[in-house]
Ligand code: ADP
């Protein structure tokens, strides 16, 4: 049974961990591989491009893919006893993957994860932010619970694909966020359809309309339907996710998604 601790003094809590952010948004999913990290990075980059002060924190200890997606080769350095995030395209980024060997984190139990995430948040010098976007681990409630105790999270965005099984997992993730008292800001349906460059037709590879219907049933806004895009995948593989906005085919739908959070 999960026991949720209410925020008696949220301001002090923010002071305690030394984070000054107007809005803290968790990006989660029911399972891995649905594009959660891609969407988290894209949301952060889009808000940053739109002129907000944004930080991106990769808390997906089990599969920290933000360093890869953003092509990060630098390591965070310490200054004034605090860790300075790596800067990508002018945006501060921190990942558990830059600090902890993956083999180590995957065997951590709840209390160790709790300690690591708390320290990670406390020790990082984010400066003053408008938004801190957190790439959450898929499924599990451990880190969501820890973060909900440490920070007054503004809310969560849940990423899913249109497939029935993925939607079932997304529904579980939504229930988990609700249970720990994190408001749901919306659902992003990723890999929604494939727009064929050859024949121009829209192919619904994983089915269609499922996320829209589920979101409506659960009274959560559907923030975007992001199509399968080979270039987006290639840029991810090459560590060039920052270039997603330079490509007119992706930029419109991705910027539209970011604007829903402003
Ligand atoms: P997760 O964080 O859910 O595990 P990732 O963001 O790491 O997922 O994405 C998994 C893979 O799918 C990556 O190779 C990524 O480039 C690719 N991908 C994500 N979204 C799309 C999309 N809309 N079109 C094509 N490939 C995508």
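Yes or no, residue by residue, for (1) within 16 Å of the ligand (Cβ to nearest atom); (2) not in a helix (DSSP H, G or I):
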{"site": "156", "(1), (2)": "yes, yes"}
{"site": "159", "(1), (2)": "yes, yes"}
{"site": "187", "(1), (2)": "yes, yes"}
{"site": "191", "(1), (2)": "yes, yes"}
{"site": "199", "(1), (2)": "no, yes"}
{"site": "206", "(1), (2)": "yes, yes"}
{"site": "211", "(1), (2)": "yes, no"}
{"site": "232", "(1), (2)": "yes, no"}
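Would you confirm whether or not the stretch 125-144 contains a residue that is more than 16 Å from the ligand (Cβ to nearest atom), more than 17 Å from the chain's Cα centre (by Cα) and part of a helix (DSSP H, G or I)? Looking through the stretch 125-144, none of the residues is more than 16 Å from the ligand (Cβ to nearest atom), more than 17 Å from the chain's Cα centre (by Cα) and part of a helix (DSSP H, G or I). A single entry from 222, 261 fulfils the requirement of being farther than 21 Å from residue 162 by Cα, away from the ligand (no atom under 14 Å from the Cβ) and surrounded by 14 or more Cβ atoms within 10 Å (Cβ to Cβ): 261. Among the residues of the stretch 154-170, the ones that are surrounded by fewer than 22 Cβ atoms within 10 Å (Cβ to Cβ) and under 14 Å from the mean Cα position of the chain (by Cα) come to 2 in all. A count restricted to the stretch 133-168 and to residues that are at pLDDT 90 or above and under 20 Å from residue 63 (Cβ atoms) stands at 10. Give the stretch 171-181 a look and list any residue that's in contact with a helix residue (DSSP H, G or I) (Cβ under 7 Å, 6 or more places away or on another chain), surrounded by 19 or more Cβ atoms within 10 Å (Cβ to Cβ) and modelled with pLDDT of 90 or more, or say none. Those that are in contact with a helix residue (DSSP H, G or I) (Cβ under 7 Å, 6 or more places away or on another chain), surrounded by 19 or more Cβ atoms within 10 Å (Cβ to Cβ) and modelled with pLDDT of 90 or more: 176, 177. Looking only at the stretch 28-65, residues that are in contact with a strand residue (DSSP E or B) (Cβ under 8 Å, 6 or more places away or on another chain) and either at positive phi or within 9 Å of the ligand (Cβ to nearest atom) (or both) come to 11 in all.
The values are calculated or read from the model by the stated rules, or taken from the named source; none is laboratory data. These figures come from a predicted structure and were not determined experimentally. Heads up, the Cβs are rebuilt from the backbone with ideal geometry, glycines too, and the neighbour counts pull from every protein chain shown.
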